Amino acid sequence: MQVDEIYAKKILSELKGSSTAGFTHSLNPYSGCAFGCTYCYVREMPIQKYKDLPWGEWVHIKANATENYKNEIKNLRKRDKPINIFMSTATDPYQPLESKIQLTQKILREMISSPPDFLQIQTRSPLIERDLEVLLQLQQRCDVLVSMTIETDREDLKRIFSPFAPGVNLRLKSLGNIHDAGIPTQASISPLLPFTPDFPEKLQGKVDRIFIDSLNVGDGMKGKRSERLGMPELFQINKLSKWYDPEIHQKAYNYFIKYFNKRIVFLSSSKEYPMRGRV
């Protein structure tokens, strides 16, 4: 793993377009991601295309991220507009390096003094539990939503598609602990992978909302990036082709609303995605 420190010009990137679901900015404490999931759409973005090392084998630490955040949000507040942050869109803020570097934690502590209006933390790592106390303090200043990626409840498929990511059962347990602590939680079934009929039951009592996405919808190019990453072939090799159906996200939605109120189950293609953390 190649790890470098860099100094970023900005830490908050403005989000525009219909696909941003009400978020105004993204915040990526790192570039690159050690989890290196096979389906990750970032593999097909310029940040990786022009790298000599494969995705999953390099990470850049944005050493000035906390100071940048402090200055940038101060300037944004002058505009008198909502600031809704998605952390993170192109990396995992709780990838293994975070346990030592604590960069995400430092940014969260700064947010207590200079909060956004809404913060969604997107991760697949139970390491986020380390920061429960910080998140509870931040929750007094702004709306917070912890979204845990749980793309399947099958550990065998996790090992095929994201072998270096934390185990599914560990993530489920962590999501439940965060929910029990009083922080709103979301299960991000993204990208949707084959699951057992018991998946909804495993989420009961752990989530305030569920978000469903698919490889054909959520890669930002209507499935073209996923195709270039060889996802159809990987599904076929593992005899899972029926799960690569372009409408699989809708079918999953119809299944989950049998177990959950449809008000808390969202599709990536939906225009209704409330920004409030407390549901």
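Past 19 Å, Cα to Cα, is the threshold; run Lys239/Lys262; Lys51/Lys224; Lys224/Lys251; Lys70/Lys106; Lys158/Lys202 against it and keep the listed order. From Lys239/Lys262; Lys51/Lys224; Lys224/Lys251; Lys70/Lys106; Lys158/Lys202, over 19 Å: Lys239/Lys262; Lys51/Lys224; Lys224/Lys251. Using 20 Å as the cut-off for backbone N distance, which residues of region 28-51 belong to the label zone defined by a point 7 Å from the Cα of Asn71 along Cα→Cβ? Of the residues in region 28-51, 28-31 have backbone N under 20 Å from the label point off Asn71. Couplings 3J(HN,Hα) for region 218-224, derived from phi with the Karplus relation 6.51 cos²θ - 1.76 cosθ + 1.60 (θ = phi - 60°), are x, 8, x, 9, 6, x, 5 Hz, where x marks Gly and Pro.
Let me have the 222 nm mean residue ellipticity of the chain computed from DSSP H runs of 4+ only, each contributing -39500 (n - 2.57), with the sum over all residues rounded to the nearest 500.
Roughly -8000 deg cm²/dmol at 222 nm, from the helical runs in the chain.
Among beta bridges identified by DSSP and lying wholly in the chain, the antiparallel ones come to about 15 percent. Most tightly packed first, judged by the mean number of other beta-carbon atoms within 10 Å of their residues, the peptides 150-159, 185-194 read 185-194, 150-159.
Taking 0.36 nm per residue of separation and subtracting the current Cα-Cα distance, fully stretching the chain between Ser13 and Ile264 would add 87.6 nm. Peptides 83-96, 198-211 ranked from most to least packed by the mean count of surrounding Cβ atoms within 10 Å: 83-96, 198-211.
Post the alpha-carbon centroid distance, region 99-175 to region 22-62, in whole angstrom. If you average the Cα positions of each part, the centres end up 17 Å apart.
The numbers here are math on the coordinates, done by the rules we state, and not lab data. These figures come from a predicted structure and were not determined experimentally. Methodologically, a virtual Cβ is constructed for each residue, glycine included, from the backbone with ideal geometry; neighbour enumeration extends over all protein chains shown.
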